[in-house]
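Each reported figure results from applying straightforward, stated rules to the coordinates on display, with no laboratory input. Treat the numbers as computed from the prediction; the structure is a model and nothing was measured. Note that we place each Cβ from the backbone using ideal geometry, even for glycine, and neighbour counts take in every protein chain shown.
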Amino acid sequence: MNVTKEDFIVMINHSLFDTPIARLSTASEKWDGLEQTFGVADALPMWVADMDFAAPPSVVEALQTRIEHGILGYTLRTEAYHAAVTDWMLRRHNWHINADWIVFTPGIVPALSIAVQQFTSPGDAVVIQTPVYPPFYNVVKDQGRELITNPLIENQGQYTMDLEQLETSLQTGKVKMLILCSPHNPVGRVWSREELEGLASLCLKYNVLIVSDEIHADLVYERGTHTPLSLISEAIADYSIVCTAPSKTFNIPGLCTSNIIIPNAELRAHFAQGVNTMGLSSISTLGAVATEAAYNGGESWLDQCLAYIRDNMEYVQQFIAEHMPGVRVYLPEATYLLWVDFRGLGLTHAQLSKKLLHEAGLAFNDGIVFGKESSGYMRINVACPRATVEEAMRRLLVLVKK
């Protein structure tokens, strides 16, 4: 797929993204859950990974039509549903998948948990590449598996895989699975094909199943740069599980819909058995409607959304470079999350966390929850109206005021 940066330039309909939408008193985890999570009720929430934008018009209209029908009974995943998923993967990622490769789950975290349960045993080891999305830790440790970390190598804000250290871990023979984050949350890397080939080669050599969380695959800033793991080779497609969802892409995570793509029939049957055993195979009516409408009608909205978010990111980078030279903002290759390095301020991590929350009134994701190597970092969600981002930057200045 030969796509350049120029191909990704779009005209933004700012009215879709500039207009603030009140989310308080809607049972929003991001907004109404502040006090439960942070112990304060009045901070500006820029933490949990959902957007402060309305879902694409195609999704809203489809949901309204279905609700007007009035019956929300048990729902099948139809041929049209599967076609929407397969057509999207081909159109957006140049990935030909068969409809029968898809196993539904109500989220990627449940899928990761089921994969650990079905393909490893208590005492087996599972590798994760840190710093990484916190549930990766939980789905391993909470099921009695040994957690082995393969820390990413950081150099001036650029993260790479440490394949040498990974092979040392795999040589023990204890590792049965690696959970990959691709694109990576929180550091924002879109792994190159060469990096994925190196990782896949090691896992095939040591018979390690790769479960790839690709929930942010659509949120890349250069179209075509993300490589679905199964496209690396037939061998890795035959021994991997790829987790996808429309939830982050189209801001519909509350509808709990994920599509787990497993080309290998034996792996797929064993995974589906775990889904069925847990009673998680039924899709919600509105989740099915929204997924089909998003993939069929939300692409223009997504392109505009990504361009808007990129503008927000560049604004934050420029503002901080001008006003806070001790802070480093590196633009990610994917996601709407900034991984920000505050270490240059000379604060302890505890001091940084306290100042941000109690003096600046900013609720960011604490870097430490992604891995012990992330002291001094914060994850900031900038998928919100520009006015919110500007207010956050104004508040952030309290860190450097004398």
Residue count, the stretch 79-113 (criterion: aromatic (Phe, Trp, Tyr) and farther than 16 Å from residue 273 by Cα)
3
When you look at residue 46, is it in contact with a strand residue (DSSP E or B) (Cβ under 6 Å, 6 or more places away or on another chain) and among the hydrophobic types (A, V, I, L, M, F, W, C), yes or no?
yes
Exclusive hit being without any contact (Cβ under 8 Å) to a residue 24 or more places away in the chain and exposed (fewer than 15 other Cβ atoms within 10 Å of the Cβ), set 317, 351:
351
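Restricting attention to the stretch 112-132, and to residues there that are part of a loop (DSSP other than H, G, I, E, B) and in contact with a strand residue (DSSP E or B) (Cβ under 6 Å, 6 or more places away or on another chain), which single residue is farthest from residue 166 (Cα to Cα)?
Ranking the qualifying residues of the stretch 112-132, first place goes to 120.
Are there any helices (runs of 4 or more DSSP H) wholly within the stretch 29-111 with 2 or more residues that are under 18 Å from the mean Cα position of the chain (by Cα) and surrounded by 15 or more Cβ atoms within 10 Å (Cβ to Cβ), and if so which?
29-32, 79-93
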Find the residue count for the stretch 227-250, including only residues that are within 22 Å of residue 292 (Cβ to Cβ) and of a type outside the set (Lys, Arg).
9
Cβ-Cβ below 7 Å, separation at least six or inter-chain, first residue in the stretch 176-188 and part of a loop (DSSP other than H, G, I, E, B), second basic (Lys, Arg): which pairs?
183/189; 186/379
